[in-house]
Every structure is written in C-alpha cells, then in structure tokens.
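Asker: This structure is in structure tokens; I'll ask about it shortly.
The values are calculated or read from the model by the stated rules, or taken from the named source; none is laboratory data. Only a predicted model underlies this, so the values are computations on that prediction, with no experimental measurement involved. FYI the Cβ positions are ideal-geometry reconstructions off the backbone, even for glycines, and counts take in every protein chain you see.
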Amino acid sequence: MPLAPLPQIQPAKTTDMVFDQLYESIISLALAPGAKISEAEVAGDLGVSRQPVRDAFFRLSKLGFLSIRPQRATLVTRISETAVLRAAFIRTALELACLRAALPRLTARDLEQLEKDITAQEAASAAGDKAGFHALDDRFHRRICEVAGHGYAWDLIREHKAHMDRVRFLSLSFGSVDALDDHRQLLRAMTRGDGREAEEIMHRHLNRIQAVTSRLRADHPAYFEEDTA
C-alpha cells in the first residue's frame with residue numbers, strides 16, 4: 001500500500017500522525033484484515049524513524065487492530081463479530097442518551113447544520129466517495145452529541161466504535177442509501193420534536209450493523225476471525 005511521506009514535524013506529533021494514517025488505512029481496509037505489516041516498511045514509506053511507528057503499532061494493538069508477535073510478522077487483525085456487536089451496544093447506549101439530551105436544546109441553526117451534513121452525505125454517496133461519506137456520517141452523529149452539550153461523549157464513542165468502522169466501511173457499497181434514509185428520517189423527527197420516534201429511528205439505525213455484519217461475513221469470510229464467544 002503506498003503511503004505519502006510525512007512533512008517535517010515535532011517528534012511528539014509524529015506518532016500521532018503515523019497512528020492516524022495507519023488507523024484510517026485499517027478502517028478503510030486499505031490494510032486488509034490478515035495483512036502483514038512491517039515497522040521498517042512503514043517507517044520507510046512515511047519517511048520517519050522506526051520509534052514513532054513502533055509506538056503507533058503499540059497503540060493500534062491496544063485497540064485490537066494489530067497482532068504484534070515477537071520474532072514474527074505483525075498482522076492486521078481480522079474482524080471480530082463479537083467485538084463489533086459489543087461496540088454497537090456501547091455506541092447505542094451513549095448516542096441515545098445524547099439524542100435525548102439534544103432534543104430540548106436544538107436551535108434552528110443546529111437543524112440547518114444537520115441538514116447541510118445530510119446534503120453533503122448525498123453528494124458523497126452519489127460520487128461513490130466512501131471515505132468522504134464515512135467522515136460525513138461521523139460528523140452528523142458527532143454534531144448531535146455536541147448539541148446535547150456532551151461533545152466529549154463522541155471521543156468515547158469513537159474509541160469504542162472502532163471495531164464497527166471496518167464493517168461500516170465495507171458495507172458502504174450497498175448500505176449508504178439506507179444510512180442516508182435513516183438520517184433523513186431522524187432529522188425530520190428531531191425537527192418535529194418527536195423524541196420517541198427519533199429514538200426508535202436512532203436505535204434501528206445503529207443496530208442495522210448486526211444484519212450487515214452477518215451479510216459481510218458470508219461475502220468476505222477471509223476478513224473475519226472465528227469468534228469463540
């Protein structure tokens with residue numbers, strides 16, 4: 001996988017930038033589940049020393065994305081269906097709480113910004129821009145947390161939903177239309193102030209991952225690990 005060299009930066013930021021590039025490559029499946037990855041090769045591609053790469057590898061291993069094996073090749077982990085469903089449970093609980101808190105705080109400007117997010121998602125979907133759509137999808141959900149006054153919750157959600165993101169990205173070839181429709185319905189319910197319907201839509205939207213994961217596991221068995229629990 002080609003990686004663009006990084007600009008000259010402070011050492012403290014180098015690890016973060018290496019981590020971010022590798023994280024996005026793993027989430028987008030540019031680094032496929034089961035792929036071998038080398039500190040030396042990544043350092044050479046990015047034009048950095050091996051230490052920040054080693055530090056980034058360690059952080060990714062703690063998230064469950066890399067399997068670091070002494071004296072053996074480091075591997076991008078395969079997708080764990082169990083981890084995906086656990087992440088979906090945590091994300092659903094946090095986002096529903098944020099949605100409830102956001103509803104009484106919504107302003108006309110907030111609704112306008114959410115509408116713009118959906119318009120941008122439509123354009124990304126029509127252009128086949130998976131990475132752009134994924135980022136805009138996240139921005140829509142993050143904005144609801146921020147409207148609720150709990151923007152910090154998105155940091156927790158982002159950390160826990162990481163195992164969902166590879167499945168989400170893989171599903172965009174057929175799932176972006178459903179995601180867009182859910183977002184439109186959710187915004188309409190929020191605009192009406194219908195909390196019950198908004199929560200039902202959000203719950204259905206976030207739990208769609210269960211059916212999607214089963215479909216993708218059947219379509220791409222090599223990407224998934226054999227879960228034992």
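Asker: Is region 43-52 home to any residue that is more than 21 Å from SER80 (Cα to Cα) and of a type in the set (Lys, Arg)?
Answerer: First, the residues of region 43-52 that are more than 21 Å from SER80 (Cα to Cα): 43-52.
In the following step, the residues that additionally are of a type in the set (Lys, Arg) were identified as 50.
Yes, some residue in region 43-52 is more than 21 Å from SER80 (Cα to Cα) and of a type in the set (Lys, Arg).
Asker: Of all residues being β-branched (Val, Ile, Thr) and out of contact with any strand residue (DSSP E or B) (no Cβ under 9 Å at 6 or more places or on another chain) in region 119-177, which is farthest from ALA83 (Cα to Cα)? Just the residue, please.
Answerer: THR119
Asker: Can you tell me which residue within region 154-182, out of those that are under 15 Å from GLY132 (Cβ atoms) and among the aliphatic types (A, V, I, L, M), is surrounded by the fewest Cβ atoms within 10 Å (Cβ to Cβ)?
Answerer: By that ranking, first place goes to LEU180.
Asker: Name the single residue, out of those in region 3-17 being among the β-branched types (Val, Ile, Thr) and either in contact with a Lys or Arg (Cβ under 8 Å, 6 or more places away or on another chain) or not in a loop (DSSP other than H, G, I, E, B) (or both), that is modelled with the lowest pLDDT.
Answerer: If we filter region 3-17 for residues that are among the β-branched types (Val, Ile, Thr), which is where we start, we get 9, 14-15.
Among the residues that remain, those that are also either in contact with a Lys or Arg (Cβ under 8 Å, 6 or more places away or on another chain) or not in a loop (DSSP other than H, G, I, E, B) (or both) are: 14-15.
On the way: THR14: 88, THR15: 91.
The extreme case among them is THR14.
Asker: Further question on the same structure: Quick check on this structure: which one of ASP110, ASP129, ASP117, ASP45 is modelled with pLDDT of 90 or more, in contact with a Leu (Cβ under 7 Å, 6 or more places away or on another chain), of a type in the set (Asp, Glu) and under 30 Å from MET190 (Cβ atoms)?
Answerer: Numbers: ASP110 fails: in contact with a Leu (Cβ under 7 Å, 6 or more places away or on another chain); ASP129 fails: in contact with a Leu (Cβ under 7 Å, 6 or more places away or on another chain); ASP45 fails: under 30 Å from MET190 (Cβ atoms).
Being modelled with pLDDT of 90 or more, in contact with a Leu (Cβ under 7 Å, 6 or more places away or on another chain), of a type in the set (Asp, Glu) and under 30 Å from MET190 (Cβ atoms) holds for just one of ASP110, ASP129, ASP117, ASP45, which is ASP117.
Asker: Oh, and also: Suppose we filter GLY132, GLY149, GLY128 for residues that are in a loop (DSSP other than H, G, I, E, B), surrounded by fewer than 21 Cβ atoms within 10 Å (Cβ to Cβ) and either within 18 Å of the chain's Cα centre (by Cα) or in the same structural domain as GLN21 (by TED's automatic domain parsing) (or both); which single one remains?
Answerer: Numbers: GLY132 fails: in a loop (DSSP other than H, G, I, E, B); GLY149 fails: either within 18 Å of the chain's Cα centre (by Cα) or in the same structural domain as GLN21 (by TED's automatic domain parsing) (or both).
From the options GLY132, GLY149, GLY128, the qualifying one is GLY128.
Asker: Note down all Cβ pairs under 7 Å where the first residue falls in region 193-210 and is buried (at least 19 other Cβ atoms within 10 Å of the Cβ), the second is not in a helix (DSSP H, G or I) and not polar (S, T, N, Q), and they're at least six residues apart or on different chains.
Answerer: Sorted first by the residue in region 193-210, then by its partner, the list stays empty.
A quick yes/no check of all residues on (1) over 16 Å from LEU75 (Cα atoms); (2) out of contact with any helix residue (DSSP H, G or I) (no Cβ under 8 Å at 6 or more places or on another chain); (3) not in a helix (DSSP H, G or I):
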{"position": "PHE19", "(1), (2), (3)": "no, no, no"}
{"position": "TYR23", "(1), (2), (3)": "no, no, no"}
{"position": "ALA32", "(1), (2), (3)": "no, no, yes"}
{"position": "VAL48", "(1), (2), (3)": "yes, no, yes"}
{"position": "PRO52", "(1), (2), (3)": "yes, no, no"}
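Asker: Looking only at region 62-116, how many residues end up being assigned to a helix (DSSP H, G or I), over 16 Å from the mean Cα position of the chain (by Cα), closer than 24 Å to ALA222 by Cα and touching a residue at least 40 places away in the same chain (Cβ under 8 Å)? Before you say what the answer is, go through the steps one by one.
Answerer: The first filter runs over region 62-116 and keeps only residues assigned to a helix (DSSP H, G or I), leaving 62, 81-105, 108-116.
Now narrow it down to the ones that are over 16 Å from the mean Cα position of the chain (by Cα): 62, 82, 93, 96-105, 108-116.
In the following step, the residues that additionally are closer than 24 Å to ALA222 by Cα were identified as 62, 82.
Okay, now just the ones that are also touching a residue at least 40 places away in the same chain (Cβ under 8 Å), so 82.
Summing the residues that are assigned to a helix (DSSP H, G or I), over 16 Å from the mean Cα position of the chain (by Cα), closer than 24 Å to ALA222 by Cα and touching a residue at least 40 places away in the same chain (Cβ under 8 Å) in region 62-116 gives 1.
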